[in-house]
Amino acid sequence: MKTKFIVIVAVALLSLWVLGAATNAAAAGEVETGAPHGLAPMVLVGLAAMLVIAKLGGELFERMGQPAVLGELVGGIIIGNLVLFGFTGAEPLKTNEVIGALAEIGVIILLFEVGLESDLKEMIEVGWSSLLVATLGIIAPFFLGWGVAAYFIPDEPRLVHIFIGATLCATSVGITARVFKDLGKLATREARIILGAAVIDDVFGLMILAVVAGAIKAAATGAVVSVMDIGLIAGKALLFLIGAIAIGHFVMPRLLRGAGRLETRGVLLTLAICFCLFLSWVAAKVGLAAIVGAFAAGLVLDEVHYKPAASRKERDLQELLHPVSAFLVPIFFVLMGMKVDLRFFGRLNLLGFAATLTLAAIIGKQLCSLGVLERGVNRLAIGLGMVPRGEVGLIFAGIGATLMMPNASGGNAAVIGPTTFGAIVIMVIVTTLVTPPALKWSLGRKPDGRRQVSREQ
């Protein structure tokens with residue numbers, strides 16, 4: 001293992017050195033900035049460096065018992081801020097269109113995977129507790145985040161404050177699910193309520209994102225956003241999800257059965273990705289975020305209906321999709337990390353904003369435990385299990401960085417600027433890091449607050 005780790009580090013350093021040399025050579029005019037096919041060689045070596053850094057960071061954090069996504073994010077922060085030490089090789093990658101397109105496709109694939117892992121039947125089975133937990137887990141963080149943003153950045157438009165509140169809504173349940181699995185408690189009532197609530201959380205969170213993003217786009221054109229307009233956007237998002245589920249239920253089984261008769265390998269994967277991209281396109285055309293379509297595609301695409309030809313054996317869809325996501329998804333997180341400017345962290349107002357936003361994110365999810373109706377359920381564990389924001393918070397922040405609104409000076413500015421982006425990244429990192437140990441501690445307590453002693457100890 002040590003030898004492999006040393007090799008990865010060596011490859012990462014070599015990639016960064018080549019990237020710096022290529023950038024300097026291009027700046028000096030010693031090499032062409034683009035090949036005949038239009039792709040700059042710097043993009044190729046830069047992409048290689050980002051992937052190696054992502055895997056290196058993921059390996060380090062997994063060894064520390066943390067999710068790999070944090071390692072990818074921190075790796076991006078490191079290489080994105082090497083300019084502080086005079087290394088400028090990574091700077092062109094931050095705004096490169098090819099890297100940006102790959103990152104956007106990566107986040108679409110990621111939401112497609114999240115949809116595939118979500119079980120609508122399980123969401124319905126857990127009943128009212130999950131629904132109330134999810135609802136409170138959306139409302140409380142939303143208004144707390146809105147209030148914190150209004151206090152720390154009062155000069156920004158109200159829609160900016162609302163968008164920041166929206167970034168606190170969704171839950172990254174993968175981290176919580178892993179803790180329950182490691183402790184052998186994935187079948188407990190607490191785990192089922194959290195997992196069911198997380199699916200509802202994702203649906204509600206994406207609907208809020210669609211509404212707020214639609215309102216921002218309308219405001220950017222100078223239009224006055226009314227309550228009716230907001231209701232129209234919300235209705236559009238709801239109709240889209242219902243329509244996508246209906247299509248998946250009635251149309252996709254027939255398509256998958258027909259595709260199963262084909263002899264060519266990779267039919268299921270190709271058809272699934274095409275369906276994901278198609279619904280992402282439809283979502284974008286009706287004014288919603290593309291990731292809403294990708295999530296909907298994952299929710300409705302059921303590989304059970306796919307019967308491969310007898311001449312070949314196919315793995316299930318999630319296994320087939322893993323190599324695609326392993327390549328594309330880390331690009332998104334590394335790029336998000338690269339956009340964090342550590343020079344802003346020297347400002348006390350940013351640190352205060354980040355700390356208060358993090359506190360609001362944690363308290364907001366603790367309040368959702370009030371929605372648990374059953375007796376004898378560990379409400380503290382449920383509240384803590386809903387805390388991590390992980391990749392979902394970063395996705396919201398990344399979308400906010402691409403949305404533009406008129407500012408006080410009359411020009412256009414990103415909804416999520418560098419300072420706010422840095423504060424959100426801190427919130428995501430802290431909520432993701434504190435959840436595993438806090439959740440393990442809470443699961444060792446009885447619902448009445450006393451320490452639970454296992455018979456096996």
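Annotations
- Residue list for region 63-81, restricted to those being aliphatic (A, V, I, L, M) and open to solvent by 40 Å² or more (accessible area, probe 1.4 Å): MET64, VAL74, ILE78
- Residue ID - surrounded by the fewest Cβ atoms within 10 Å (Cβ to Cβ), chosen from residues in region 82-107 that are touching a residue at least 60 places away in the same chain (Cβ under 8 Å) and closer than 25 Å to PHE295 by Cβ: GLY100
- Annotation for region 44-53: no member residue is outside any helix (DSSP H, G or I) and open to solvent by 40 Å² or more (accessible area, probe 1.4 Å).
- ALA272 falls short on exactly one of the conditions (1) modelled with pLDDT under 80; (2) closer than 26 Å to PHE240 by Cα; (3) open to solvent by less than 20 Å² (accessible area, probe 1.4 Å), and that condition is (1).
- Helices (runs of 4 or more DSSP H) fully within region 355-457 counting 2 or more residues that are under 24 Å from ALA290 (Cβ atoms) and at pLDDT below 80: 390-402
- Top-ranked residue of region 133-156 - restricted to ones that are among the β-branched types (Val, Ile, Thr) and touching a Ser or Thr at 6+ places or on another chain (Cβ under 9 Å), ranked as nearest to PHE421 (Cα to Cα): ILE153
- Checked against the criterion of being more than 26 Å from ARG158 (Cα to Cα), of a type in the set (Gly, Ala, Ser), open to solvent by less than 10 Å² (accessible area, probe 1.4 Å) and in contact (Cβ under 8 Å) with a residue 40 or more places away in the chain, the candidates GLY364, GLY371 yield just one match: GLY371.
Condition check ((1) open to solvent by 50 Å² or more (accessible area, probe 1.4 Å); (2) over 25 Å from ARG379 (Cβ atoms); (3) at pLDDT 85 or above) across all residues:
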{"residue": "GLY115", "(1), (2), (3)": "no, yes, no"}
{"residue": "SER118", "(1), (2), (3)": "no, no, no"}
{"residue": "GLU122", "(1), (2), (3)": "yes, no, no"}
{"residue": "PRO141", "(1), (2), (3)": "no, no, yes"}
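- Looking across region 313-350, the residues that are assigned to a helix (DSSP H, G or I), free of Cβ contacts under 8 Å to residues at least 24 places away in the same chain and either farther than 25 Å from ALA401 by Cβ or over 20 Å from the mean Cα position of the chain (by Cα) (or both) come down to GLU319, HIS322, PRO323, GLY346, LEU348.
- Count - residues of region 58-74 that are touching a Pro at 6+ places or on another chain (Cβ under 9 Å) and in a helix (DSSP H, G or I): 5
- Flag set for ILE424, criterion: in contact (Cβ under 8 Å) with a residue 40 or more places away in the chain, of a type outside the set (Gly, Ala, Ser), touching a helix residue (DSSP H, G or I) at 6+ places or on another chain (Cβ under 6 Å) and buried (at least 18 other Cβ atoms within 10 Å of the Cβ).
The values are calculated or read from the model by the stated rules, or taken from the named source; none is laboratory data. None of these values were measured; they are calculated from a predicted model. Glycine gets a Cβ as well: all are built from the backbone with ideal geometry, and neighbour counts include every protein chain shown. Ligands, DNA and RNA are excluded from the accessible area calculation, which covers all protein heavy atoms including side chains. Shrake-Rupley method; radii C 1.70, N 1.55, O 1.52, S 1.80 Å.
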